[in-house]
Amino acid sequence: MNSADSVEERLTRALSARAEQVTVHSLRPAAPPQPNWTARGRGPLLFALAAAVTAVALMGTAVVTMTQRPGDAPVADLPPGVVSPAPTVSPDPGPSGVPPQSPTAPDVPEQPSSRSVTIVYGPPDRSFTLRTGGGTASLDATVANNVGEAVEQATDVLTITPESGGTLPAGAVNVSLRDPATGAWRPVGGVSGSVYEAYLSGVAGARLDASASRTHRIRISLGEAFPAGVGRLRVSLSSDGGEETLTRTG
């Protein structure tokens, strides 16, 4: 017997002896496979996080879709700091195809600027300012008969003249006289050359008894046509019935 046959016989005997040791009682069911968490590492955790992120993204898309109004166009992404310009709206050209023109404001005539004019009255000399184109001033013009007898046709005249020369056009000065019986105001006087004259007691005058007096309440205003070269006016009262006095009342 050679060496190859001797090895084969020994192997056969060893396997037979091992097979005789396996009995029905020594056999048991195979154990189920167990997960190898060490080998898998953090795979399940990453999977759970990815699923959560996907769910949040889907919910955000649903909210945007629900809140977007019909007809709204999606807004394109813009770089930080860039503001999308507001859309320009072109005017409706209308049936003729020509855009309507914007209405233009009507031409308003330029109004002359208002300024202050100094009014001097007396004696003694006193003064106040009055603005052109608005505002009034009231004066009491009093005549006291000191001639010792009655004056049948005493004429009380108020005059207004520019102090530094110049003329007064129509409408530059306006004077009103108050009716003592009714309290109504009426215009009185007018421009004659460069002087404004107002006959307070009438052109023909009125009787003024001895030692008697009378007071005329007047109101003065300056019109918009007041000349630019005149800055001072003098108001005077004259009468052939006695002493004259001017008093500012308002």
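What follows draws every value from the coordinates through simple rules; no lab data is involved. Predicted model, so just to flag it, every value in this text is computed and none were measured. Heads up, the Cβs are rebuilt from the backbone with ideal geometry, glycines too, and the neighbour counts pull from every protein chain shown.
Under 16 Å from a point 7 Å along the Cα-to-Cβ line of Ala212: which residues of segment 125-154 have their amide N that close?
In segment 125-154, the label zone of Ala212 (backbone N under 16 Å from the point 7 Å along Cα→Cβ) covers 142-154.
Given Cβ point charges of +1 (Lys, Arg) and -1 (Asp, Glu) and nothing else, what value in debye, to the nearest 20, does the dipole of segment 115-250 about its Cα centre take? Before the final figure, lay out the partial values.
Details: 12 positive and 13 negative charges, 134 e Å.
Value, rounded to 20: 640 debye.
Given 0.36 nm per residue, what is the gain on full extension from Ser164 to Arg234 after removing their alpha carbon distance, in nm? Could you put the intermediate results ahead of the total?
Numbers: separation 70, 0.36 × 70 = 25.20 nm, distance 0.98 nm.
Gain on stretching Ser164 to Arg234: 24.2 nm.
Can you compute the label reach from Glu243? Point 7 Å from Cα along the Cβ direction, backbone N cut-off under 15 Å, restricted to segment 124-151.
Within reach of a label on Glu243: 124, 142-149.
Tell me, what ³J(HN,Hα) does each residue in segment 198-214 have, in order and in whole Hz, if you take phi through Karplus 6.51 cos²θ - 1.76 cosθ + 1.60 with θ = phi - 60° and put x for Gly and Pro?
Karplus-based 3J(HN,Hα) across segment 198-214 equals 9, 8, 6, 9, x, 5, 7, x, 8, 5, 9, 5, 4, 6, 8, 9, 9 Hz.
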